[in-house]
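A.B. asks: Below you'll find the structure I mean.
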Amino acid sequence: MRTNTMRKYLIAGNWKMNQNMAQTSAYFAELGQHLSAVPSGVKVLLCTPYTSLSVAVEGAKSVTGLSIGAQNVHEKDTGAYTGEISAAMLKELGIGYAIIGHSERRQYYNESDESVNAKTIKSLETGLTPVVCVGELLEERKAGKQFDVVKAQLHGALANIKADDVSKIVIAYEPVWAIGTGETATPEQAQDIHAFIRSELKAAYGEKIATEVYILYGGSMNPKNAAELLSCADVDGGLIGGASLKPADFYSIIKDAETLTKS
């Protein structure tokens, strides 16, 4: 059972390459019918495609306390980087968060621990909250290498970042084998990795920092399994894909988090 209430739950949605501007507007209209304000004890974040960010920022005004994030960010301020978006550009839009190093970015766009680190540093410098993703592939899990993989990705992402800044970072554990496959890590599997991540943070930066960092579960959390996963001692929320595309499902997970804060 999760006992540390210093950290509010963070329920984050990652829409990936879904929802055009009209659909985004309709989404927030429907979400607003369920939710007029983010519950006490919970943070809520939606990360939309770039083209929907301005619509999402406007739509979020109807839900008090709802934050909007991007799904990627570039590590440079300006330059000849066709197709990229800087942290300063996101801040200008009113964006507060950026997902960095998602497994799909690593798989399809060759993102490395070094690029994840550079993007994390730039986000912190600009005032964005980085949501840094780590997680193992199916073959790595089967080979018992999940802890080694996560440790390398974690320390690679946080290289040369001061402890006080580490406390501003959100870590999202995503077992790659459980993303979009219908598979889900058991609560025990999720807790084992989350506890391991927190122990690594404690060893590197001290107990205070380790206690302050949010660690989200990012492997197919949905209304059916959210409550059980969120009950784990070191699971501070979810980075939610498919279920975040349906306002009713996303709201259901938010309500589960709210209920758990009161239990």
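A.B. asks: When you go through S244, S199, S167 one by one, which is the residue that is closer than 16 Å to C47 by Cα, polar (S, T, N, Q) and at pLDDT 95 or above?
C.D. replies: S244
A.B. asks: Now for a separate question. Cβ-Cβ under 8 Å, sequence separation 6+ or interchain: first residue in segment 243-256 and in contact (Cβ under 8 Å) with a residue 40 or more places away in the chain, partner among the basic types (K, R) and surrounded by fewer than 18 Cβ atoms within 10 Å (Cβ to Cβ). Which pairs?
C.D. replies: Within 8 Å, no pair qualifies.
A.B. asks: Also: Looking only at residues that are more than 21 Å from D164 (Cα to Cα) and in a helix (DSSP H, G or I) in segment 116-139, which one is least open to solvent (accessible area, probe 1.4 Å)?
C.D. replies: L138
A.B. asks: May I pose another question? For segment 19-38, does any single residue satisfy the condition of being in contact with a helix residue (DSSP H, G or I) (Cβ under 7 Å, 6 or more places away or on another chain) and within 21 Å of V170 (Cα to Cα)?
C.D. replies: no
A.B. asks: Can I ask one more? In segment 73-94, what residues are in a helix (DSSP H, G or I) and of a type in the set (G, A, S)?
C.D. replies: Matches in segment 73-94: A87, A88.
The rows are residues; the columns are (1) among the polar types (S, T, N, Q); (2) in a helix (DSSP H, G or I); (3) buried (at least 22 other Cβ atoms within 10 Å of the Cβ).
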residue	(1), (2), (3)
K168	no, no, no
A172	no, no, yes
A185	no, no, yes
D192	no, yes, no
G219	no, no, yes
A233	no, no, no
A248	no, yes, no
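A.B. asks: Which one of the conditions (1) farther than 16 Å from H102 by Cα; (2) in contact (Cβ under 8 Å) with a residue 12 or more places away in the chain; (3) of a type in the set (A, V, I, L, M, F, W, C) does A143 fail to meet, given that it meets all the rest?
C.D. replies: Single failed check for A143: (2).
A.B. asks: Let me ask another. Kindly indicate the residue of segment 98-115 that is in a helix (DSSP H, G or I) and of a type outside the set (K, R) and also nearest to G218 (Cα to Cα) among those meeting that condition.
C.D. replies: S103
A.B. asks: Okay, moving on. Is it the case that G238 is closer than 23 Å to M17 by Cβ, touching a strand residue (DSSP E or B) at 6+ places or on another chain (Cβ under 9 Å) and outside any helix (DSSP H, G or I)?
C.D. replies: yes
The values are calculated or read from the model by the stated rules, or taken from the named source; none is laboratory data. Quick caveat, the model's predicted, so the values are computed rather than measured. Quick reminder, even Gly has a Cβ in these numbers, built from the backbone with ideal geometry, and neighbours come from all protein chains shown. For the accessible areas, the whole protein counts, side chains as well, though only heavy atoms, and no ligand, DNA or RNA atoms are used. Shrake-Rupley method; radii C 1.70, N 1.55, O 1.52, S 1.80 Å.
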